[in-house]
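Right, one structure below, let's go through it.
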4 protein chains.
Amino acid sequence: MTHNPVDRLIAGFRGFHALYYEQRPERIRDLVDVGQKPKVLMIACSDSRVDPAIITNSEPGEIFIVRNVANMVPPYAPDGAYHGTSAAIEYAVRDLGVEHIVILGHSRCGGIRALMASAQDETALSGRDFVGQWVSICGHAGNHDHSDDAEKAAIKVSLENLLTFPWVAERVSSGALDLHGWWFQIETGNLWELNRETGAYDKRV
Amino acid sequence: MTHNPVDRLIAGFRGFHALYYEQRPERIRDLVDVGQKPKVLMIACSDSRVDPAIITNSEPGEIFIVRNVANMVPPYAPDGAYHGTSAAIEYAVRDLGVEHIVILGHSRCGGIRALMASAQDETALSGRDFVGQWVSICGHAGNHDHSDDAEKAAIKVSLENLLTFPWVAERVSSGALDLHGWWFQIETGNLWELNRETGAYDKRV
Amino acid sequence: MTHNPVDRLIAGFRGFHALYYEQRPERIRDLVDVGQKPKVLMIACSDSRVDPAIITNSEPGEIFIVRNVANMVPPYAPDGAYHGTSAAIEYAVRDLGVEHIVILGHSRCGGIRALMASAQDETALSGRDFVGQWVSICGHAGNHDHSDDAEKAAIKVSLENLLTFPWVAERVSSGALDLHGWWFQIETGNLWELNRETGAYDKRV
Amino acid sequence: MTHNPVDRLIAGFRGFHALYYEQRPERIRDLVDVGQKPKVLMIACSDSRVDPAIITNSEPGEIFIVRNVANMVPPYAPDGAYHGTSAAIEYAVRDLGVEHIVILGHSRCGGIRALMASAQDETALSGRDFVGQWVSICGHAGNHDHSDDAEKAAIKVSLENLLTFPWVAERVSSGALDLHGWWFQIETGNLWELNRETGAYDKRV
């Protein structure tokens, strides 16, 4: 009964197989035969506590998901380097034709704390190879006293960055694509939504 | 009753709130108070059909997750550019101290098909800004006639790339970190695990 | 892919086994080793749409459940006949020491409709061997024009009948046991709770 | 954060409402508009650890469920007394037209232990008003040294009793109705199915 965490995941997969492939194959069949047709791209944090599928009770096929540290979107830069997040956004928007992009931030975010530490002390992340550079995408968002404010500001930067992608901006202009900024307050379990007109976050749940 | 997909996610979040924060707050409390302590980093595809939490029935706090197109790991390159996947690996390994990294590939992967198309015709993805460059990380894996083989080969490339990160290689050497390659066969619901000694994939589920 | 309904249940059980016995045996272990210690007895309808575990998201071990047609409690009658519902109430109260009894009624109840039909026409159920007699437990509750009212009245009769059991009445008097009347409005998904002082049903959800 | 068990059920209901009525109303809509059409009647124990919906992962609408102490079926006796289990069987078979009846027994059953105690000592349950009489339905099944054997024997008695109901026997004869005996081994999580030809229980899961 001494389960290592990987064996647990395998056992969980066995349950998934039984429930989706044996008990209710109709849940999966179309997704295999026809392919995926998600309507939503979600850009979320890698944080283990903020899993988009769990917190939205979504089913296979519903959300195309990018997860990186601090749910950041870098600015458009088609420079021939490896851009994982940008490639996923491109695939979702141009190949799959999603109708919504949600940036899902959250409280107590380690990536944002790293950003804030850097803002106070440039050398704070000097011992790291990638994290400091990555979170600098939302650079000025780190200039807040409270991490809640920095997290909310970073979501706004990512939304602004999204609009630097020409094929995102076009679709937003034409009404084919909507952008959303959500902040999950992990202590209370509330969900706050950015009102893009006022810049304030309104409680949705 | 005409639900748009975002409203559905909000409703799902309302259910999550009721079940995790009202009915069983003990499920979440430690994760908030103590912080996350995941033992596993999973690098998975953004594909909406291959959600790690759903297919492993995992709970909040169990897996730190990166999702990008075709679940790829680029080689170690601390060059000051934005490296989202590498930053997440660094945070998981160096800050959180995960004990396992799982590369989770899958069949019918659109990213791998793009890679294969590029292998046959260099101009296949020339109309894309990021996807072609991104999937070229696993370049030679595209030289297969069948996408299943290409997907399995790409997982191996990502595992090799993981070992180019010095702090990954050290921990693997010392036994503090295990690497795993899994391939989810979406048509059948089977899970295949790479035997890193033989190079073959063995059916686990 | 032609699943008969029993094979589906077996497949579902296989999933349950994987998730509860393989992935998270700690969910079950104490219930096996120590035994059940439910705090709640629920008396619910056999109706397939009104499953107590599903509609309350309960876990194994939480609710001791009786299900019969129209969630009825007959009056105390220790006459040597077979009394299934009374035996279950006795076991829950005297052996397990539950602290709450919930009568869970619901709208669109076929048993209550049978009762109402009998109230209008004594011969309505004459072709049935047991159903007519069984639902007559809540006899006068059938004298309503609307089934909602009949269902709510029947819950009150069952609560009154519960108090005819001496070991229920004693525990209610001493404060060791609480009685609750709930009515699930299946069309809207609302839950209404009987205010036993006013006799009215108040919306809880 | 001091949740009483009833408040937890209410919170769980709130989650059910959000997930079934707000997020995926299509899950429920037909069941309300068209009515229930379950194919399976399950007769299960009231034991809180053996919830049919949980252990078979069933959805609303799939199983019409009777639960009583020790999942017993009394013999056919249309004598004008209150027969809750018989009324539910009648409603399921004659009104709903179920195609399968499953008797679901289980190990560590308190009701069967009471039966065994009575078999050894007639006065064992003399302090109880209903339990002793109720479990005597499967009287001779109590004459076993091991509770596993008594539980399995009791399932057989209930199946025999089912065949004393003329409208059950007719449908079984015509092939319109199948009877099943299952025994859930709670310690191991295995499911055993009665082979009605050999009288043995075969492991299904």
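Please treat every number below as a calculation from the coordinates, not as lab data. All of these numbers come straight from a predicted model, not from anything done at the bench. As a convention, Cβ positions derive from the backbone with ideal geometry for all residues, glycine included, and neighbour counts pool all protein chains shown.
Ranking B:Tyr20, B:Tyr91, B:Ala154 by Cα position along the charge dipole of chain B, where only Lys, Arg, Asp and Glu carry charges on their C-beta atoms, puts B:Tyr20 farthest toward the positive end. Taking Cα atoms only, the orientation of helix C:5-16 departs from the longest principal axis of chain C by about 50 degrees. Shape call for the protein assembly as shown from the C-alpha gyration tensor, a ≥ b ≥ c root eigenvalues: rounded (a/c under 1.5), prolate (a/b greater than b/c) or oblate? Judged from the Cα gyration tensor, the protein assembly as shown comes out prolate (a/c at least 1.5, a/b above b/c).
Geometric descriptor of region A:119-205, per residue, is 125 Å³ (volume of the convex hull of the Cα atoms).
Could you give the size of the charge dipole of chain A about its Cα centre, using +1 on the Cβ of each K and R and -1 on the Cβ of each D and E, expressed in debye and rounded to the nearest 20? So the dipole magnitude of chain A works out to roughly 380 debye. When D:Lys37 is represented by a point 7 angstrom out along its Cα-to-C-beta vector, the spacings to that point in the other copies are 2.5, 4.6, 5.2 nm, nearest first. For chain C, the longest principal axis of the C-alpha atoms and the axis of helix C:110-120 are separated by about 10°. Peptide A:18-30 is shielded by partner chain Cβ atoms: per residue, an average of 6 of them sit within 10 Å of its Cβ. If R0 equals 60 Å, the separation of the Cβ atoms of B:Ala124 and A:Thr188 corresponds to a calculated FRET efficiency of about 0.80.
In chain C, excluding the sites themselves, the longest stretch lacking any of the trypsin sites (Lys or Arg not before Pro) that are in a DSSP loop with at most 14 other Cβ atoms within 10 Å is C:1-195. What the phi angles of region B:46-52 give under the Karplus curve with 6.51, -1.76 and 1.60, with θ = phi - 60°, is a coupling list of 6, 3, 5, 8, 10, 7, x Hz, glycine and proline written as x.
The DSSP beta bridges internal to the protein assembly as shown are antiparallel in roughly 30% of cases. Where both bridge residues fall in region D:82-205, DSSP classifies roughly 50% of the beta bridges as antiparallel.
Loop only by DSSP, 13 or fewer other Cβ within 10 Å of the Cβ. Give me the GluC sites (Glu not before Pro) in region A:57-152 that pass, ordered by residue number. Hits after loop and neighbour filter: A:Glu122. Computed from the C-beta positions of D:Asp95 and B:Ala176 and an R0 of 60 Å, the FRET efficiency is 0.40 to the nearest 0.05.
Closest approach of any chain C Cβ to the axis that rotates C onto A belongs to C:Gly15, 2, distance given in whole Å. Its Cα centre serving as origin, the protein assembly as shown has a Cβ charge dipole (Lys and Arg +1, Asp and Glu -1) of approximately 0 debye. Other protein chain C-beta atoms within 10 Å of residue C-beta, averaged over B:71-83: 5.
In whole Å, how far is the Cα centre of region A:170-199 from that of region B:135-155? If we compute the Cα centre of each part, the gap is 37 Å.
Fewest first, what order do C:His3, A:His100 take by the number of other Cβ atoms within 10 Å?
Exposure proxy ranking, most exposed first: C:His3, A:His100.
Listed cross-link partners B:Lys152/B:Lys203; B:Lys37/B:Lys156; B:Lys156/B:Lys203 are compared with a 21 Å cut-off, the Cα-Cα value being larger for B:Lys37/B:Lys156.
Taking 7 Å steps out from each Cα toward its Cβ at D:Ala169 and A:Ala169 produces label points 8.3 nm apart.
Show me the three semi-axes of the equivalent ellipsoid for chain A, from the C-alpha gyration tensor (sqrt of 5 times each eigenvalue), largest first, rounded to whole Å. Please report the intermediate quantities before stating the final value.
Values: eigenvalues 176, 105, 61 Å².
Working from the Cα gyration tensor, I get semi-axes of 30, 23, 17 Å.
Projecting 7 Å from Cα along the Cα-to-Cβ direction, the label point of D:Trp167 sits 3.5, 6.4, 7.2 nm from its equivalents in the other copies, listed shortest first. Based on C-alpha pairs under 8 angstrom that are at least 6 apart in sequence, chain D has a relative contact order of 19 percent. The calculated 222 nm mean residue ellipticity attributable to helices in chain A amounts to -10000 deg cm²/dmol, summing -39500 (n - 2.57) over DSSP H runs of n ≥ 4 and dividing by all residues. Taking amide H as placed 1.01 Å from N in the peptide plane, A:His83 has its amide H under 5 Å from the amide H of B:Trp134, each at least 5 places away in sequence or on another chain. Ranked from shortest, the separations from the 7 Å Cα-to-Cβ label point of B:Asp202 to its equivalents in the other copies are 3.0, 5.6, 6.2 nm. Electrostatic bookkeeping for B:Ser107 treats Lys and Arg as +1 and Asp and Glu as -1; over the other residues with beta carbon under 11 Å from its beta carbon, the sum is -1. Taking label positions 7 Å along the Cα-Cβ direction at both C:Arg196 and A:Asp30, the computed distance is 4.8 nm, reported to one decimal.
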